[in-house]
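Trainee: Take this structure, written in structure tokens, and hold onto it; I'll ask about it next.
The values are calculated or read from the model by the stated rules, or taken from the named source; none is laboratory data. Here the structure is a predicted model, which is why all the values come from computation and not from measurement. Reconstructed Cβ throughout: ideal geometry from the backbone, glycine too, with neighbour counts over all protein chains shown.
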There are 2 protein chains.
Amino acid sequence: MKKRGKGKDIILVSNDDGIRSEGIKALRAALESLGEVYVVAPDRERSAASHSLTLHRPLRVEKIGPREYTVDGTPTDCITLAVNGILPRRPSIVVAGINKGGNLGEDISYSGTVSAAMEGTLLGIPAIAVSLVSRKNFDFKSAARFARKLAKRILAKGLPKDTLLNVNIPQAKKIKGARITRQGKRVFGDVVFEKVDPRGKKYYWIGGNMLRWEGGEDTDFAAISRGYISITPVHLDHTNYSAISELQYWKF
Amino acid sequence: MKKRGKGKDIILVSNDDGIRSEGIKALRAALESLGEVYVVAPDRERSAASHSLTLHRPLRVEKIGPREYTVDGTPTDCITLAVNGILPRRPSIVVAGINKGGNLGEDISYSGTVSAAMEGTLLGIPAIAVSLVSRKNFDFKSAARFARKLAKRILAKGLPKDTLLNVNIPQAKKIKGARITRQGKRVFGDVVFEKVDPRGKKYYWIGGNMLRWEGGEDTDFAAISRGYISITPVHLDHTNYSAISELQYWKF
């Protein structure tokens, strides 16, 4: 499943928390021994940027260090520009993260970290998204060590076609192992807060507190809640094949 | 599969081209006979906004007419705010569009129109995304007529769980019928253009010309190219189940 360029493997690292985040630094340091690491990341935080591509304006790329670039765009822009412009040859893997906070369940649709990996997969490059599920005491180093282990394996063996891995890692002390999981689903409580500004005008703020998750024992949520690393294979093809036969009976 | 509130069905209409687009006006007009249509749409174009939620700033909602609101946010914001704040009761269906231009293949991941429908589905409301595959002479009226037909059927019969319909409609004169399809895949040519600004500094512009599509006769691309309306059931769960068993053998 693997294509090799000339010379060492290029490892493309990006994220959505921006170039200055601790998570991307830890990832870069951990991956250095596997190949030539290039960091191409947004110049500032782009969380919840999702899979957006910047089409309506030009993009600037700045080289800020050896094999280190910023883009004034989204994570998806970073991967597209890196592969089609910045890198000296095609990367062997895209590693996105380490995100500060988990990307579980429907986060997969919203997350800039997952989107960066998805863009790699769309371009035919094996890709993983790595997130640290924690709210404080972020131990990026041990998460980065696991990312390295996984990246090494993928560099050797590749990944299933059109599929990225969405990896969520719990806090270090709790890790019991790794589980292959499926995407779970949240049940939300109140998600929109209505407030009044100093001039008496209403505004809204999207919040959202999770009441619980559902989907059973084989989900990403279940793995994390039990102290396991969750690895979800995410497919680029979003077709609901089982619904196709059902819909075939509809007449128009 | 259907839940009814009190009174007439509420039909929530949104898009990513913005409130002033012709497509949303045609859609609203066509759906009026099916229930109480509410339009909640971005105040300006938000194409390629993808599934992003605005979390870092407050959002303003403006009532600009009877059952017509603008939001200074993304299509996803519009649906969340509509369902959790603006509408008097839960909508029976979300109809997003009509997008000016197709949303085929991997567009499903990028499209704001599809994202608006996806947010409806996430909230447990049947949803469709409607796009007109054309580059000129946009005949929104006949596309809106088909959207009405489909919405009527969904109001009566519901949709498969966690599944939205991504509907692409070719130009009116060409329509031969409708096909249930799966998501196809593009093969791209050059996607990034490197240019130099008036001050001699480099910049990049993401373009992307499609060379061809692949995936066979049952794809959205194939249906459209033959003059059929394409209806792709899109699942919220992006797990690649067939990859799970393969990955189970990996040791960590």
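Trainee: Can you pull out the residues in the stretch A:78-90 that are of a type outside the set (A, V, I, L, M) and facing another protein chain (nearest Cβ under 9 Å)?
Mentor: A:80, A:84, A:85, listed by residue number.
Here's the yes/no breakdown for (1) more than 7 Å from chain A (Cβ to nearest Cβ); (2) on the phi > 0 side of the Ramachandran plot:
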| position | (1), (2) |
| --- | --- |
| B:216 | yes, yes |
| B:221 | yes, no |
| B:230 | yes, no |
| B:244 | no, no |
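Trainee: Can I ask one more? Given the conditions (1) out of contact with any Ser or Thr (no Cβ under 7 Å at 6 or more places or on another chain); (2) over 21 Å from residue A:77 (Cβ atoms), which single one is not true for residue B:193?
Mentor: That leaves (2) as the condition not met.
Trainee: Of the numbered conditions (1) within 12 Å of chain B (Cβ to nearest Cβ); (2) of a type in the set (Gly, Ala, Ser); (3) closer than 15 Å to residue B:250 by Cβ; (4) touching a strand residue (DSSP E or B) at 6+ places or on another chain (Cβ under 8 Å), residue A:151 fails exactly one; give the number of that condition.
Mentor: (1)
Trainee: Please enumerate the residues belonging to the stretch A:1-36 that are at pLDDT 95 or above, among the small types (Gly, Ala, Ser) and within 18 Å of residue A:79 (Cβ to Cβ).
Mentor: Once the filter is applied, which keeps residues that are at pLDDT 95 or above, among the small types (Gly, Ala, Ser) and within 18 Å of residue A:79 (Cβ to Cβ), the stretch A:1-36 yields A:14, A:23, A:35.
Trainee: Still on this model: Given the conditions (1) at pLDDT 95 or above; (2) more than 12 Å from chain B (Cβ to nearest Cβ); (3) not in a strand (DSSP E or B), which single one is not true for residue A:130?
Mentor: (3)
Trainee: Next question, about the same structure. Filter the stretch B:229-244 down to the residues that are closer than 19 Å to residue B:114 by Cβ and out of contact with any helix residue (DSSP H, G or I) (no Cβ under 8 Å at 6 or more places or on another chain) and list them by number.
Mentor: B:237, B:239, listed by residue number.
Trainee: Consider residue A:172 against the criteria (1) among the aliphatic types (A, V, I, L, M); (2) over 26 Å from residue A:9 (Cα atoms); (3) facing chain B (nearest Cβ under 10 Å): it satisfies all of them except one. Which criterion is unmet?
Mentor: Result: residue A:172 passes all but (3).
Trainee: Moving on. Please tell me if residue B:44 is away from chain A (no Cβ under 14 Å), outside any helix (DSSP H, G or I) and in contact (Cβ under 8 Å) with a residue 12 or more places away in the chain.
Mentor: Spelling it out, it is not the case that residue B:44 is away from chain A (no Cβ under 14 Å), outside any helix (DSSP H, G or I) and in contact (Cβ under 8 Å) with a residue 12 or more places away in the chain.
Trainee: I would also like to ask the following. Within the stretch B:69-77, identify whether any single residue is surrounded by fewer than 24 Cβ atoms within 10 Å (Cβ to Cβ), at pLDDT 95 or above and in a loop (DSSP other than H, G, I, E, B), and answer yes or no.
Mentor: For the stretch B:69-77, residues surrounded by fewer than 24 Cβ atoms within 10 Å (Cβ to Cβ), at pLDDT 95 or above and in a loop (DSSP other than H, G, I, E, B): absent.
Trainee: Now a separate question. Between a residue in the stretch A:56-77 that is more than 8 Å from every other protein chain (Cβ to nearest Cβ) and any residue that is in a strand (DSSP E or B) and surrounded by fewer than 18 Cβ atoms within 10 Å (Cβ to Cβ), which pairs come within a Cβ distance under 6 Å, given they are 6 or more apart or on different chains?
Mentor: A:69/A:63; A:70/A:62; A:70/A:64
Trainee: May I pose another question? I'm told residue A:114 meets every condition in (1) touching a Ser or Thr at 6+ places or on another chain (Cβ under 8 Å); (2) crowded, with 24+ Cβ neighbours inside 10 Å except one. Can you identify the failing condition by its number?
Mentor: That leaves (1) as the condition not met.
Trainee: For residue A:105, state whether it is in contact with a helix residue (DSSP H, G or I) (Cβ under 7 Å, 6 or more places away or on another chain), within 11 Å of another protein chain (Cβ to nearest Cβ) and part of a loop (DSSP other than H, G, I, E, B).
Mentor: The answer is yes for residue A:105.
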